[in-house]
Amino acid sequence: MSWIALKMLFGDRAKYAGLIFGVAFSALLISQQSAFCVGLINTTPGLLYDIREPDLWVMDARVNTIDGGASLPDTALARVHGVPGIAWAAPLFKGVVTLIGQDQSQQTASLIGVDDSTLLGLPRERLLGSADDLRRSGAIFIDEAGYRLLWPGEPLRIGRVLELNDRRAVLVGVLRSSPQFTSSIAIFTQYRNAVQFAPGGRNRLSFLLARTRSGSDVRAVAASVSQRTGLKALTHDEFIRSTIDFFIRTTPIPASFGFVVVLGVIVGAVIIGLTFSLFIRDHLPQFAAMKAIGVSNATIIGMVLLQGLLVGFIGYAFGVGLTAFTLDLGRQYIPDFRSFFLPWPIVIGTAVIEIFMVITAGFIALRRVLVADPAMVFRT
């Protein structure tokens with residue numbers, strides 16, 4: 001009976017197209033908005049993905065994210081360095097700065113000040129320039145996405161001059177860094193330059209990057225740092241989780257995208273349900289005739305299941321395929337899209353939702369045929 005079910009489905013082209021459109025639209029909305037939400041949340045740790053050398057991050061006890069908010073006194077470096085189990089510790093500045101380009105355009109950028117001597121904190125994937133050039137006064141590196149935003153369509157070139165909070169900065173290199181939540185432009189410089197570029201108060205130290213001695217228990221050393229200094233010490237993975245959890249709890253990002261996902265489910269369910277109901281209603285005589293000649297309800301259910309699965313697969317492929325295409329296209333031409341991707345849990349989750357919607361809509365629409373007496377259907 002499978003070929004009869006497919007012939008019925010393909011024969012009604014308008015409703016067949018309507019079913020595919022409903023599934024595709026719903027799959028597109030669910031997968032795309034879920035991908036946007038995951039990609040946006042994934043940018044919140046930003047810098048943490050680039051700095052892998054330290055296994056401990058030390059910060060003010062009030063800080064929950066990489067974007068900080070409270071600074072440390074300069075004496076914190078010596079106190080942390082003196083804790084048993086710490087092999088080395090280095091300062092890191094992270095703040096926000098206003099930059100003015102050569103065309104006098106004004107942008108907000110994330111400013112990262114790395115250790116003066118070791119340059120610890122500078123991402124390793126450098127596209128142009130030497131790390132040693134960063135030791136010059138006023139020298140900065142900029143991430144590739146920020147460069148494309150400031151000088152769209154122009155080739156990478158060092159020697160450009162920027163103005164950071166009324167101070168002259170010279171571009172000596174371009175690197176590739178992870179996207180950051182707070183800004184599309186990331187600027188890296190020495191710590192001593194960063195505290196000059198960025199306005200601030202007496203305490204300028206944002207974080208301390210520390211490495212424990214070989215063989216030490218990282219969590220035990222972190223607890224010791226907190227006990228001896230009164231500061232918060234988190235492992236690399238703990239700080240990533242803390243940053244992500246903070247933004248999930250305190251920002252409307254998950255709720256906003258979740259609302260759109262739910263809307264996609266509702267709209268898709270309505271379109272699929274109404275179209276399937278019309279499809280079953282128009283083919284009620286054919287289903288009744290099948291029951292009259294002895295076709296069982298189980299066979300009819302199998303036919304509807306086949307129709308639903310086929311429509312669901314085609315519509316799902318169109319919707320998720322369009323999501324993947326738009327995200328890939330965006331990453332190629334829009335710098336802010338570099339953090340957006342389509343993870344496999346979203347692909348599978350969308351498929352489960354779409355299959356459930358199509359099958360449920362088909363069974364609901366088919367209930368009249370399943371409970372109807374064949375003779376009564378023919379009389380009508």
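The values are calculated or read from the model by the stated rules, or taken from the named source; none is laboratory data. Keep in mind the model is a prediction, meaning the values are calculated, not measured. Backbone-built Cβ (ideal geometry, glycine too); neighbour counts: all protein chains shown.
What to note about this one:
- Looking across the range 327-358, the residues that are surrounded by 19 or more Cβ atoms within 10 Å (Cβ to Cβ) and over 21 Å from the mean Cα position of the chain (by Cα) come down to Glu354, Met357, Val358.
- Residue match in the range 242-262 (condition: within 17 Å of Gly362 (Cβ to Cβ) and assigned by TED's automatic domain parsing to the domain that holds Thr360): no
- On inspection, Leu306 qualifies as surrounded by fewer than 19 Cβ atoms within 10 Å (Cβ to Cβ) and part of a helix (DSSP H, G or I).
- Residue count, the range 188-203 (criterion: closer than 23 Å to Arg126 by Cα and in a helix (DSSP H, G or I)): 5
- Sole residue being closer than 30 Å to Ala27 by Cβ, under 34 Å from the mean Cα position of the chain (by Cα), of a type in the set (A, V, I, L, M) and surrounded by 16 or more Cβ atoms within 10 Å (Cβ to Cβ), chosen from Val265, Val270: Val265
- For the criterion of being free of Cβ contacts under 8 Å to residues at least 60 places away in the same chain, farther than 28 Å from Thr251 by Cα and crowded, with 21+ Cβ neighbours inside 10 Å, Val161 fails.
- The residues in the range 65-115 that are surrounded by fewer than 17 Cβ atoms within 10 Å (Cβ to Cβ), in a strand (DSSP E or B) and not aliphatic (A, V, I, L, M) can be counted, and the count is 5.
- Residue selected from the range 5-37 under the condition in contact with a helix residue (DSSP H, G or I) (Cβ under 7 Å, 6 or more places away or on another chain) and over 16 Å from Gly312 (Cβ atoms), by the criterion surrounded by the most Cβ atoms within 10 Å (Cβ to Cβ): Gln32
- Failed criterion for Arg136 (all others in (1) surrounded by fewer than 15 Cβ atoms within 10 Å (Cβ to Cβ); (2) over 11 Å from Gln190 (Cβ atoms) hold): (2)
- When Gly95, Gly85 are screened for being in the same structural domain as Val195 (by TED's automatic domain parsing), more than 29 Å from Phe257 (Cα to Cα) and in contact (Cβ under 8 Å) with a residue 40 or more places away in the chain, only Gly85 passes.
- Evaluation of Arg249 against (1) more than 25 Å from Arg331 (Cβ to Cβ); (2) within 25 Å of the chain's Cα centre (by Cα); (3) of a type outside the set (Asp, Glu); (4) assigned to a strand (DSSP E or B) (one fails), failing number: (4)
- Count of the range 116-142 residues which are assigned to a loop (DSSP other than H, G, I, E, B) and either small (Gly, Ala, Ser) or farther than 23 Å from Ser71 by Cα (or both): 9
- The range 143-169, residues that are part of a strand (DSSP E or B) and either farther than 12 Å from Leu99 by Cα or under 30 Å from the mean Cα position of the chain (by Cα) (or both): Asp143, Leu164
- For the range 207-246, the set of residues classified as part of a helix (DSSP H, G or I), β-branched (Val, Ile, Thr) and either farther than 20 Å from Asn64 by Cα or under 27 Å from the mean Cα position of the chain (by Cα) (or both) consists of Ile240, Thr243, Ile244, listed by residue number.
- When Arg52 is tested against the conditions (1) farther than 30 Å from Thr250 by Cβ; (2) exposed (fewer than 14 other Cβ atoms within 10 Å of the Cβ), the lone failure is (1).
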